[in-house]
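The values are calculated or read from the model by the stated rules, or taken from the named source; none is laboratory data. Computed from a predicted model, the values in this text were never measured in an experiment. Quick reminder, even Gly has a Cβ in these numbers, built from the backbone with ideal geometry, and neighbours come from all protein chains shown.
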Amino acid sequence: MVAVSVVVPTTLPEGATIAPVERLARDSFDDYEVLVRREEGAAHARNVAIEHARGEKLVFLDDDSIPCPGFLRTASVALDAYPAVAGRVRQPADAPFADLELPWYDQGDETKPTDMLPGCNMAIRKEVLDSVGGFDEESFDWGHEESELAERIGREYRMQYVPELLVEHTYVESFRDYVEKSYLLGRADVRWWRLDGKSFGWLVRQSLNTPIRGESRLETVRRIAQRAGWVIEIAAGQ
């Protein structure tokens, strides 16, 4: 047994440097294991890790999340107090689009109840996952899988935002990544709406009636890519 199991899904090849693994190894907290999983699809990879985890406290990081000093000790203490914890995520100052407003990344300076769990920095007791189930890999391979899980957890358990549980994480590496991510999240939107029982007619109206023009050129680009994801996913489901 270990106190904490750290789950890191990755598409990096065997032998590649995985930043959070190296960072955690430099801390004094050593009562943990790391489960790096390369199964296809982030949701599936995380579920496989959950099955193999020996700890009762699970921490979820992306392969490019950079934890702050003392990260795992903070996570362990937080999970003594709360069933599920959302950490704070900051983009590096030199990250592309570092000024993007991402409310699920940085939820402020004070600890508080939350309904959002960022997949690149969250911690959940294993008993909670045993109770509500793991990630819905049938509906989501990537995109919104952590948000759908948070919705299920929130029906039964308290989720707490803990700003001291901090990682640095770049949202996208380039403009091309930004467009692709917006498109894929658009497709994931439709899958989530279907889970919520939305009809084909509702999906079509949502796609047609949502304004494309944003307050900035970048926001307009995001909405166009998102709309394309909606249309493709709606068509794929017919």
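Among the listed residues ASP115, ASP136, which satisfies the condition of being surrounded by fewer than 14 Cβ atoms within 10 Å (Cβ to Cβ), at pLDDT 90 or above and touching a helix residue (DSSP H, G or I) at 6+ places or on another chain (Cβ under 6 Å)? Steps first, please.
Numbers: ASP136 fails: surrounded by fewer than 14 Cβ atoms within 10 Å (Cβ to Cβ).
Sole residue among the options that is surrounded by fewer than 14 Cβ atoms within 10 Å (Cβ to Cβ), at pLDDT 90 or above and touching a helix residue (DSSP H, G or I) at 6+ places or on another chain (Cβ under 6 Å): ASP115.
If I filter the range 14-31 for residues that are of a type in the set (Val, Ile, Thr) and touching a helix residue (DSSP H, G or I) at 6+ places or on another chain (Cβ under 6 Å), do I get at least one hit? Can you show your working first?
Quick first cut of the range 14-31, residues of a type in the set (Val, Ile, Thr) only: 17-18, 21.
Those left that are additionally touching a helix residue (DSSP H, G or I) at 6+ places or on another chain (Cβ under 6 Å): none.
Checked against the condition, which is being of a type in the set (Val, Ile, Thr) and touching a helix residue (DSSP H, G or I) at 6+ places or on another chain (Cβ under 6 Å), the range 14-31 yields no hits at all.
Do you know which residues across the range 1-43 are touching a Ser or Thr at 6+ places or on another chain (Cβ under 9 Å), within 21 Å of VAL85 (Cα to Cα) and in a loop (DSSP other than H, G, I, E, B)?
PHE29, ASP31, listed by residue number.
Go through the range 147-238 and tell me which helices (runs of 4 or more DSSP H), entirely inside it, have 3 or more residues that are of a type in the set (A, V, I, L, M, F, W, C), surrounded by 12 or more Cβ atoms within 10 Å (Cβ to Cβ) and over 22 Å from the mean Cα position of the chain (by Cα).
Fully inside the range 147-238 and qualifying: 200-209, 217-236.
Quick one: is GLU173 among the acidic types (Asp, Glu) and touching a Pro at 6+ places or on another chain (Cβ under 8 Å)? So that I can check it myself, show each step before the final result.
Details: among the acidic types (Asp, Glu): yes; touching a Pro at 6+ places or on another chain (Cβ under 8 Å): yes.
Spelling it out, GLU173 is indeed among the acidic types (Asp, Glu) and touching a Pro at 6+ places or on another chain (Cβ under 8 Å).
Can you name every residue in the range 78-105 that is crowded, with 16+ Cβ neighbours inside 10 Å and either assigned by TED's automatic domain parsing to the domain that holds LEU218 or within 30 Å of ASP130 (Cβ to Cβ) (or both)?
Selection gives ALA78, LEU79, TYR82, PRO83, ALA84, VAL85, ALA86, GLY87, ARG88, VAL89, TRP104, TYR105.
Please find, among ALA98, ALA86, ALA49, the residue that is under 30 Å from SER174 (Cβ atoms) and at pLDDT below 95. Before the answer, list the steps.
Working: ALA86 fails: at pLDDT below 95; ALA49 fails: at pLDDT below 95.
Every option except ALA98 fails the conditions.
List every residue pair whose Cβ atoms lie under 6 Å apart, where the two residues are 6 or more positions apart in sequence or sit on different chains, the first residue falls within the range 192-215 and is over 22 Å from SER139 (Cβ atoms), and the second residue, located anywhere, is surrounded by 11 or more Cβ atoms within 10 Å (Cβ to Cβ).
Partner pairs satisfying both residue conditions: ILE212/ARG223; ILE212/ILE224; ARG213/THR220; GLY214/THR220; GLY214/ARG223.
Tell me, please, whether a residue that is in contact (Cβ under 8 Å) with a residue 60 or more places away in the chain, of a type in the set (D, E, K, R), in contact with a strand residue (DSSP E or B) (Cβ under 7 Å, 6 or more places away or on another chain) and surrounded by 18 or more Cβ atoms within 10 Å (Cβ to Cβ) can be found in the range 19-34. Can you show your working first?
Taking the range 19-34 and keeping what is in contact (Cβ under 8 Å) with a residue 60 or more places away in the chain, we get 20.
Still in the list and also of a type in the set (D, E, K, R): none.
No; the residues of the range 19-34 include none that is in contact (Cβ under 8 Å) with a residue 60 or more places away in the chain, of a type in the set (D, E, K, R), in contact with a strand residue (DSSP E or B) (Cβ under 7 Å, 6 or more places away or on another chain) and surrounded by 18 or more Cβ atoms within 10 Å (Cβ to Cβ).
PRO92 versus (1) at pLDDT below 95; (2) assigned to a helix (DSSP H, G or I); (3) not aliphatic (A, V, I, L, M): which is the lone unmet condition?
PRO92 satisfies all of (1) at pLDDT below 95; (2) assigned to a helix (DSSP H, G or I); (3) not aliphatic (A, V, I, L, M) except (2).
Condition test on GLY134, is it more than 21 Å from PRO163 (Cα to Cα), assigned to a loop (DSSP other than H, G, I, E, B) and not hydroxyl-bearing (Ser, Thr, Tyr)? Give the steps one after another, and end with the answer.
Details: more than 21 Å from PRO163 (Cα to Cα): yes; assigned to a loop (DSSP other than H, G, I, E, B): yes; not hydroxyl-bearing (Ser, Thr, Tyr): yes.
Spelling it out, GLY134 is indeed more than 21 Å from PRO163 (Cα to Cα), assigned to a loop (DSSP other than H, G, I, E, B) and not hydroxyl-bearing (Ser, Thr, Tyr).
Considering only residues that are touching a residue at least 40 places away in the same chain (Cβ under 8 Å) and more than 20 Å from ILE66 (Cβ to Cβ), look in the range 35-48 and name the one that is nearest to the chain's Cα centre (by Cα).
If we filter the range 35-48 for residues that are touching a residue at least 40 places away in the same chain (Cβ under 8 Å), which is where we start, we get 40-44, 46-47.
Still in the list and also more than 20 Å from ILE66 (Cβ to Cβ): 40-41, 43-44, 47.
Values: GLU40: 16, GLY41: 13, ALA43: 10, HIS44: 13, ASN47: 14 Å.
Step by step, filter the range 35-48, then rank; the result is ALA43.
Determine which member of the set PRO13, PRO103 is within 21 Å of GLY143 (Cβ to Cβ) and without any contact (Cβ under 8 Å) to a residue 24 or more places away in the chain. Before you say what the answer is, go through the steps one by one.
Values: PRO13 fails: within 21 Å of GLY143 (Cβ to Cβ).
None of the other options fit; the residue is PRO103.
Quick one: ARG54 ticks every box in (1) farther than 26 Å from SER131 by Cβ; (2) loosely packed, with under 15 Cβ neighbours inside 10 Å; (3) at pLDDT 95 or above except a single one, so which number is it?
(1)
Quick one: which residue in SER139, SER182, SER147 is of a type in the set (Gly, Ala, Ser) and not assigned by TED's automatic domain parsing to the domain that holds PRO103? Let's see the steps before the verdict.
Numbers: SER139 fails: not assigned by TED's automatic domain parsing to the domain that holds PRO103; SER147 fails: not assigned by TED's automatic domain parsing to the domain that holds PRO103.
Within the list SER139, SER182, SER147, the selection yields SER182.
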